[in-house]
Every structure is written in structure tokens, then in C-alpha cells.
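Peer 1: What follows is a structure written as C-alpha cells; I'll ask about it next.
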Amino acid sequence: MSRRRTVILVVLVMLLCVVVGALGALAYVLFIQTPPVVALEERPTILIDTPRHRDEVTVGQEVQISATGRDPTRMARMELWIDGELIQSQASTLPQGSNPLPLTAAWEPAIRGHHTIVIRGYNTADVPGQASITVNTVEPPEIPQGCEGVALVDHRLQVGDTLEDIAAAYGVTVEQLLACNPGLDPVAPLTPEETLRIPVIVSPEPPIPPTPVPPAPTPEGSGPLPPPVVAPAPEPEGAPEPPPPEPPPATILGFEALEFQVDGAYDEVYCLARLAGAPLERIPQPEGSSFSSLEENYWDIQSELAGINSRMVSVTGDAFRVEAECFGWMGIDGYSLGHFIREHGEADWTGELLDATAIADDGRWFSVRYRICPDFPCEPLPGPDAPENLTYGHMSWSPLLCTLLGRWIDGEGICPDEPVELRWFTWEWSGDETTIDGFRLYLNGAMVQQIEDPTARSMFVDNVPSEPPCGWVDRYHLTAYHGPAGAGAESASSNSVDFEGPPCPRVVTVAFQELNTGCIRALTDPCDDPTCSTCVVEDFSFFTRVSDQPRFSASSCEPPVLRSYAVMALSEIMYSDFLSVELAPGDDLTIYVRIQASNCGCDYDRPPWARATCLDVGRHVLLEGTKTIPWDELATADHILELQAPHWLEASGWVTLHLEVVDVSPPRGRI
């Protein structure tokens, strides 16, 4: 083999090694360091400003909702959805769309509980984007007459309830019930499904009996003394009966039902439950209602019952009794799912999670999770562990890479026709995956994406801008969650990933106020006055430039004249006595002023663009000056620009200026 062929072969082998190495490194990045590739399209970014996620609002009171949508191709319309119902649609007033496009609306919640607010925005290509939050609606505070200053709890009436039974169950008197429910007729039957206000009254501790005194010792050698015989005193006729013994004091506890699960799929499911000897209660209410399944025959009771899963319970004694029997229906066939009774001693009154399972004779079953708390209401349960080390990554997925690596963009073996920009977040989480349902991604406090996979550690996103508008900060964070939004458990936030837009430009308006002159001795109009007080220049021009924007005056040959030791309002000699410029971030402001003698009549009938050429012929500069203000020192204030004459002239002066500095408002809150 010749040396030339050997060299060529070696070069080809080296090139092949480089190509294989590059493809291997690229495959490592794609297959190991990035999540699976899926088809994505650019979507608008939606931000909900008010209310905030998990805010508490009041039934019957107006809630202001404001949101902003933005998209590089401009926004066409915005929609407000509440609990799956379209409330308002707002379109752009411009035919080509708007960017950003705001939405404002007023909403008055009618019922209490958790409500989901969704803002959907559509760009001009009708591609949607959305963000959602959850708010909790509560009843307005109400203090009935006769109950001021007393904590109250609701009790929903059942068939067969009486005031005496309810008072006994809660450890209060009938009179106290009537005082806290003005207008209630004490002799009329109670109406099922109505609500009574129950005062929270804890009985005082019983008095401690005095310590008995031991008997005196007997003399040594003698036996015990017999007890004295005391004849009972005769009872007078008509004496009252002794009062009955006081009942033992009641303990006020909190009960909170959390989770409920049955063995299979049923058309309807309901239970009969009893707490601490109270009357049986149908769950859920009203009559005929049923649990609605969330997934796999499991229910988050807190969400399902909209907050009434928590009860204040008055317990007499040292045992808290929980009883439940549940039923499932398939069509017209009903089945018992089992029945259980459990008694919990004081060791279980700590707020820890408790589980109970009931099994019917035919093997059907149901299970519940609840807790008994030493106070009412129960303290919130701790949420899941927070995700950590949230990071952002992106890459361009080209048709060539897709073809070479056989890793299809849509999962069906088809590569894209054009490059696709892929963006994703990755994170770490070391908690118990059986305690969560997945992860939620938030943008500036509003949920924008959710992945229902506890094992996930990455998430593709389609609304992360490469650079937000000026003055804008996009702040992303992640949470781990269990249960529906706003009702289930949710972790604290991960670290945030921020995308900051550039600083906004500034608009500076320079108002030219006055020209102050000292001695003026012009070559074109010499003055022999030793004091210079009578020196006058009749033919002059006034020229200004702010940064790169020039402006001429047209005062030459016309009054007023330029006098020594005088003050002249510049509005008399300038076309406009102010000039506005927009400065890019970091740019300094430069102001230049020049006063010059000129040939009278040379240029005043000419257009402005030709006037400058004429003024350059035979003119003499009398005064000129420049002032530069750095970007960091720009502020609304008054300034003085000093004017100086060429060394062969005797002249002086200065111009007073006023600066108005306004930062260009970003589409949303500043950094």
C-alpha cells in the first residue's frame, strides 16, 4: 500500500471517530439528560393578577378578576371560565390583535366552597393557552342577637331532630340554642335540612372535694372505737327532692373526614354515620345525593363535601365513638358495603391519621381515613415534601437530528419538517410517591401546567418565553400535590426559576425655559460700550440638539433681539420650547445649545432642511455649550446649561432647563 493511500485511510478513520464521538455525545444529551420528546406548539402566556391562588372570598361580595395574555403573534381574545362555565369573553379591539391583551371582570360568588377560575387566551392563529387558580368562598360573618362573643358551629337538621336532643348532644341548654337562633319557634317541629347555630360552651371543671381528715389514733392496747350512732334527722313534710347529680363535663373535640374508598364501581354511593352518640346522619346530603367518583373509586371527602367534612363534637367521658354504614347502588340493586363501630380513647385525640375498614358478608368493603383533633377546627395537615433543584433546559430539535437518531418528535415515527424549540423543567423529589398524585407548575402564582405522575422528574412546557418584555419577570415554581386543586394537600414551593426582561427605556422631555446672557460683544455688530450694558445682536439663530434629535429656531432678523445682561423666554424664539427623546437602557442624555450670528433674510422662506445649509454660510458662533447627564442620574429636575464664547469673543450666558423623566411602563409589574 502506498504512503498516499495510507495517509488518506488514516484521515478517513479519524474523521469517522470524530463523527461517531459527536453522535454519541449528542445521543447522551438527548437520551439521558433530557426528558422524552413530544410534539409541542407555541402557546400564549396567560397571567392571572387578581385574585391570587387560594385566596378566601365571601359569598355575595364582588370579586375583581384581572388577567393578561401575551403572544409574539398577538392575542385575539381572552375568556373567563368559572367552575367549567364561560362567564366572559373579551376580544381585541385591533384587527391584527393585541400584545398584551388584558381582561378584567367582576364576579359575585353565590355559594360557598372551592371554585376554580380559568383564564383562556387565544392568539391570532387560534392557538389557546391558559392559567388557573382556586379560591375558597366562605359565608359572611354573622353574630345572632343574644350570642355576641360566643363561638358558633353549624348543625344541619335531620328528620326526627328535637331541640332537646340537639342540646344534649352538644352539651348546651335549649335556652342557649334559642338565644343563638332568633326567630326559632320552640314548640314548632324542626325543618330538616335547615341549619342551627350551636354555641360552643365548655362546662367548667367540677370542684375538687376536700381531703378527708384521718381519725385520731386509739390508746395503746385498746381496740378500735366503735363509730358513734347518730339517729337520722326526721325529714320535714313537704321537703324538696335532692337535685340530680351533675353530668360529667363535656370535652370539645374536632372531627375531620379526609378520604373514602369503596371496592368497585357503583352508580351511587352514600353512608349513614354517627359521631359520639349523635343522631345518624346521611352523608352526603341532601337526600338522594351521592358521592361522585374522582378516580378509581376514591374520594377526597374534603373537596366533595366543600368544607363540611369537619365537625365540632362534644364528648362526655373518655371514649369517642365513630360509627358508619355505607351502601352502593348499581341500577336498581342496592348492596351493603359493610358497617363498623370504633371507639377511640384519649390517646387517639391528637390529630393523627386514623383508618377504618368495613367488610360486608359478600366481601364488599369500604374504607375511610379521618382524624380526631384536640381543638376545633383541626390544624391543617402537613403537605407533601417540596420539590428541589428546579432547573430549566431547552434545545432545538431539527429534522436532521430526528432522522439520524430515529427519535421521533410525535412518537409515531414522523420527524418535523422544520426545527422545533423544546423547553422543559427538571427537578428532584425524595418523598413518598404513594402520598402524592403528581406535580404542578406555577407561573407568577397561577397554575399553568400539571403532570399526573408521582414518578415524574421532568415536564415539557410550551409557554416559556425566550425573553419577557422589558421590566417583566416571569417566575416559575413547582409543587407536589395530592387531591384536586385548592382542596387537597399541596407542598411548599420549590426554588424559583426567573426569566427577566431587559430594563425598559426612558422618555426624557427637555423643556427650554430661559436664556440668560452676560456681556455680548459680537464681531458682526461690535459694541463700544465699556460696560457692555448696551450691546445688542439683532441677527441671530438659536439651535438645540437633544441626543440625536436637532431643532432650529427662526428668530433671526425679528424681535426680540439678543441683549447683554438680559433674560429671554425661549418660547419666544423657538418653534417649540420642549423636545422629547426615548433613551435605550444605559444611554446618557446629551443636550447641546448654540447661538450664532446670521445673515438676515438668508433662509427664512426656505424649508427647515434647506435652512441649515444657508446658516452654515458666513455665520459666527456667539455662545455654545453641552451638558451630559448619565443614565443612572437621570431624574425629573431643573438644570443649568452653561454657554461659552470662542476665545476671540467676549460673551457669556446660560440656559435654564427642566427635565421630565418617565420610565416606559412595562406590560405588567416592574422588576
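Peer 1: Would you rank 376, 340 by solvent-accessible area, highest first, keeping every protein chain in place and using a 1.4 Å probe?
Peer 2: 376, 340
Peer 1: Here is a follow-up. Between residue 432 and residue 96, what is the label-point separation in nm under the 7 Å Cα-to-beta-carbon projection?
Peer 2: 5.9
Peer 1: Quick check: with the 1.4 Å probe, what order do 423, 563 take by accessible area, largest first?
Peer 2: Ranked list, largest accessible area first: 563, 423.
Peer 1: Highest first, please rank the peptides 585-593, 528-536, 50-58 by the mean number of other Cβ atoms sitting within 10 Å of their residues.
Peer 2: Ranked from most to least packed, the peptides come out as 585-593, 50-58, 528-536.
Peer 1: For a quick check: with amide H placed at 1.01 Å from N, whose amide H comes under 5 Å from residue 386's, ignoring anything fewer than 5 positions away on the same chain?
Peer 2: Here the answer is 492, since their amide H atoms fall under 5 Å of that of residue 386.
Peer 1: If 654, 631 are ordered by their accessible area, calculated over protein heavy atoms with a 1.4 Å probe, which sequence runs from highest to lowest?
Peer 2: From most exposed to least exposed: 654, 631.
Peer 1: If amide hydrogens are placed 1.01 Å from N in the peptide plane, which non-local residues have theirs closer than 5 Å to the one on residue 251?
Peer 2: Counting only residues 5 or more places away or on other chains, the set is 315, 316, 317.
Peer 1: I'd like the accessible area for residue 94, computed on protein heavy atoms only with a 1.4 Å probe and all protein chains in place. Round to 10 Å², please.
Peer 2: 80
Peer 1: log10 I(q)/I(0), Debye, Cα-only segment 43-92, no solvent, q = 0.15, 0.28 Å⁻¹?
Peer 2: -0.50, -1.27
Peer 1: Taking a cut-off of 28 Å, what percent of all Cα-Cα pairs in segment 50-187 are separated by more than that?
Peer 2: 45
Peer 1: Here's another thing I want to ask about it. Tell me, what is the 1.4 Å probe accessible area of residue 548, in Å² to the nearest 10?
Peer 2: Taking all protein chains as shown, residue 548 has close to 120 Å².
Peer 1: Heads up, I need the accessible area for residue 470: 1.4 angstrom probe, whole protein in place, Å², nearest 10.
Peer 2: My reading of the accessible area for residue 470 is about 30 Å².
The values are calculated or read from the model by the stated rules, or taken from the named source; none is laboratory data. In this text the structure is predicted, and so the values were computed from the model without any measurement. Here the Cβ is made from the backbone with ideal geometry for all residues, glycine too, and neighbour counts use every protein chain on show. Heads up: the accessible areas ignore ligands, DNA and RNA and are worked out on the full protein's heavy atoms, side chains in. Shrake-Rupley method; radii C 1.70, N 1.55, O 1.52, S 1.80 Å.
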